[in-house]
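The values are calculated or read from the model by the stated rules, or taken from the named source; none is laboratory data. Note that the structure is a prediction, hence the values are computed from the model and not measured. Cβ placement follows ideal geometry from the backbone for every residue including glycine, while neighbour counts extend to all protein chains displayed. Heavy atoms of the whole protein, side chains included, go into the accessibility calculation; ligands, DNA and RNA do not. Shrake-Rupley method; radii C 1.70, N 1.55, O 1.52, S 1.80 Å.
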Amino acid sequence: MNLAPYLAVLRTPRVPSLMLLMLFARIPATAAGMTITMHVLLSLERGYGAAGLVGAMATIGIAVGAPLMGRLTDRRGLRAMLLLSLVSEGVFWFVAPALSYPVLLVTCFVSGIAVMPVMQIGRQITTALVGEAGRRTALAMDSMAVEVAFMAGPALGVFLTTQWHSRVAMWAIGVSMVVFGLVLYAVNPPVREDVDHGAPVPRREWLTGRVVGVLISAGGATFVLSGVEVAVVASMRGLGLTDWTGALIAVMCVSSLVGGFVYGGLHRVPPVWALMGVMGVLAVPIGLFGWSPWVLAIALVPTNFLCAPTIAGTGEAITRLTPGSARGEAMGLQGSAFTLGAALGAPLTGFVIDHSSPGWGYCVAGVGAVAIAAGSLLLGASAKPPVSVAEVVK
């Protein structure tokens, strides 16, 4: 394994410290969904359907708001966006524990629009600092950091809720998000390269069929991943081994970490649609191995090995196909695609499992991803050749 690309990225000024900062900033963000779910179930004493509806409202709000917050960053700078997010995050997390269910439902949607987009901020900072030469490796490292955050955040939310109260967990998230937001405001890291500070480029110039194809692939990746996660929960519940679920999710995350590490050191990589399509193909037969948690853990490795590479690949493609003056909005659209893919994959897979078995859940998640990959390929092939960023700026 060639470590030279990683060493080069880590030697870049400010990169190690800002990557570490964004890793910690993402932990409370990844704890948010689980904490809200636990609050609805335990404190408000509602059912799973009610908890899922709150999550869906927050998801829709985040999907709507991500490109808007990115566009605000492009036009007014990182600090202007952070100020709006700080007010939104601070107010929501401190009043949410006292809200009734109907009010919470609406508030989750509204606050989701202005949620601090720590995932896309991290990608923007990383790509701005390393330049084009180290972009693939840096984005792979960023995807690996996201996996670490997703391993720590939800577990932390569950711990705080069960050991103390959901109110404590929600306040802790609020304090953490405000603190990290203030640190980012003070540091004010760059979110695009110096050469990208040109006149704004109209959306119609850069939102081409190829870019849309990349966004579809991004949604397809989270579609299959969220579907597989639901199927894993169902498989373990069917075996009466629900306690194993966390261990299997950890296997999925570690597999993705390893895949991201390998991807970041490669000089040539497959297209994004191919990575995502292979993820789908590998997910289809996983249900055949659901008779044992040990065997299922091994079967989950190949699909999840391609998770971080696919996510990093979509980020790399977007930075290559879009001008720096629209980078925030483009990465916001990428974030929306990730969010919507997960929002579609989980309920569709759950519906199939409810009417069949967990094995069919893996199959549907995989087949759906393959179909999305085919659509992404056709859309990209039918699009006109992309105009270079330099030509667009001229």
query = Where the only charges are on Cβ atoms (+1 Lys, Arg; -1 Asp, Glu), what is the dipole of the chain about its Cα centre, to the nearest 20 debye?
reply = 680
query = Say each of Leu44 and Ser100 gets a label point 7 Å from the Cα, pointing the same way as Cα to Cβ; how far apart are those two points in nm?
reply = 1.2
ask   = Using a probe of 1.4 angstrom, how much of the accessible area of the chain is carbon and sulfur, in percent?
value = 70
query = Say R0 is 35 Å: what FRET efficiency, to the nearest 0.05, do Val301 and Leu53 get from their beta-carbon distance?
reply = 0.55
task = Output the Cα-based Rg and Dmax of segment 31-74 in Å, rounding Rg to one decimal and Dmax to a whole number.
result = 13.2, 42
ask   = Could you give the radius of gyration (one decimal) and Dmax (whole number) of the Cα atoms in segment 16-153, in Å?
value = 16.2, 52
ask   = Where the only charges are on Cβ atoms (+1 Lys, Arg; -1 Asp, Glu), what is the dipole of segment 54-200 about its Cα centre, to the nearest 20 debye?
value = 220
query = About its Cα centre, how strong a charge dipole does segment 176-329 have in debye, to the nearest 20, once Lys and Arg get +1 and Asp and Glu get -1 at the Cβ?
reply = 260
task = Could you provide, to the nearest whole Å², the per residue accessible area of the chain with probe 1.4 Å?
result = 44
Once the Cα gyration tensor of segment 203-349 is diagonalised, semi-axes √(5λ) in Å = 31, 16, 11
ask   = Out of segment 103-212, which GluC sites (Glu not before Pro) are coil in DSSP terms and have no more than 15 other C-beta atoms within 10 Å?
value = Glu132
query = If you take the charge dipole of the chain about its Cα centre, with +1 on Lys and Arg Cβ and -1 on Asp and Glu Cβ, which of Phe289, Phe223, Ile311 is farthest toward its positive end?
reply = Ile311
key: For q = 0.13, 0.15, 0.25 Å⁻¹, Debye-computed log10 I/I(0) when each Cα of segment 1-84 counts as one equal scatterer   = -0.70, -0.82, -1.15
request  = For segment 38-172, build the charge dipole from Cβ charges (+1 Lys, Arg; -1 Asp, Glu) around the Cα centre, then report which of Pro97, Cys108, Leu42 sits farthest towards its positive end.
outcome  = Cys108
request  = For n ≥ 4 DSSP H runs only, could you compute -39500 (n - 2.57) per run for the chain, divide by its residues and tell me the 222 nm figure to the nearest 500?
outcome  = -26500 deg cm²/dmol
remark   = Inverse of <1/r> over all distinct C-alpha pairs of the chain, i.e. the Kirkwood Rh in Å, gives 21.2
ask   = So what J values fall out for segment 238-252 if you push phi through Karplus, 6.51 cos²θ - 1.76 cosθ + 1.60 with θ = phi - 60°, rounded to Hz, Gly and Pro as x?
value = x, 8, x, 10, 4, 5, 7, 4, x, 5, 5, 4, 4, 4, 4
